[in-house]
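The values are calculated or read from the model by the stated rules, or taken from the named source; none is laboratory data. This structure is a prediction, so every number in the text was calculated from the model and none was measured. For neighbour counting, all protein chains shown are included, and Cβ atoms are generated from backbone atoms with ideal geometry for every residue, glycine included.
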Amino acid sequence: MHILILGGTTEARELAAALADRTGPRVTGATAGRVAQLRVTSSLAGRVAQPRLPEGDVRVGGFGGAAGLAAWLRDEAVDAVIDATHPFAGTISRNAAEAAAEVHVPLLALRRPSWVPVPGDRWHPVGSLDAAAALLPTLGSRIFLTTGRQGLAAFAVLDGLFFLARSVDAPEPPLPRQTEVLLDRGPFTLDGERAVLREHRIDVLVTKDSGGAATAPKLTAARELGLPVVVVRRPEPPVGVPTVPNVPSALGWLAQL
Ligand code: NAP
């Protein structure tokens, strides 16, 4: 059985590790022959210069749209696809749904649940980075921008505000005139996030609703300081794709196939 994991997330790496573990030498007894036939390929887009590589086989780079992905599934005799990409990677998820339907390969989406506000949070949900940018001048002047390297052009017009933009690799211009780039990669700690907010005198946080624990401490740190948080809502996922919230559930789905 050949499983394709569309990755670029912690969960995708965890899933690849769990499956590699099952095909490893510790598998013995009656099921060994069956389990050893498992082949797992993880796919990365190639956005990050030095990605954290999943265990097992990895391919890097786009497929060439839904048609390219469908051809790849056919050529590589893929039996199941798990779309474990980031909730904001909407294009690849749509392509996966289209390609899997075309070649009749079962597809599962592995999506970490959205973050949920708790008492004390001052969240401002918005539908896009552009909407986030439009709201910022009404909320503050020293912005901690944690939406990643892509799409920062939406904020480039806001010359009067200071931005601390955090990303794994350096963002490309256009950027707002007053931008300081902070190159860093999660997971982040609560103490670390408190220090960032304090040292840069941040008065507004901007985040995508990425979900998960690795980048959640910034929300706690903002709550403690009573800061407003602009939360960009997730794009709509493709219709009709079964979805699970965690790796054990994805393993359960695979076991049923
Ligand atoms: P996207 O906009 O949904 O996809 C754009 C194109 O990138 C796709 O059409 C596809 O190219 C290629 N692609 C995306 N993910 C791929 C994968 N796992 N394997 C092979 N090709 C892939 O994606 P994105 O938002 O730029 O995200 C790119 C990657 O970064 C994803 O793997 C995602 O999990 C990860 N990531 C994204 C975010 C975010 O905020 N968007 C955050 C953290 C991690 P072709 O059409 O040529 O196949």
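Checking E172 against (1) closer than 20 Å to P51 by Cβ; (2) surrounded by 16 or more Cβ atoms within 10 Å (Cβ to Cβ): exactly one of these is not met. Which one?
(2)
Within the range 113-140, take every residue that is of a type in the set (G, A, S) and crowded, with 17+ Cβ neighbours inside 10 Å and give me the one that is nearest to the ligand (Cβ to nearest atom).
Per the stated criteria, the residue is A132.
From G212, G151, grab the single residue that is modelled with pLDDT under 95 and out of contact with any Gly (no Cβ under 6 Å at 6 or more places or on another chain).
G151
Taking the condition of being within 16 Å of the chain's Cα centre (by Cα), small (G, A, S) and not assigned by TED's automatic domain parsing to the domain that holds R194, how many residues in the range 205-250 meet it?
The number of residues fulfilling the criteria is 0.
Regarding R149, is this residue among the charged types (D, E, K, R) and surrounded by fewer than 17 Cβ atoms within 10 Å (Cβ to Cβ)?
no
Return only the number of the condition from (1) within 16 Å of the ligand (Cβ to nearest atom); (2) of a type in the set (V, I, T); (3) outside any loop (DSSP other than H, G, I, E, B) that I143 does not satisfy.
The failed condition is (1).
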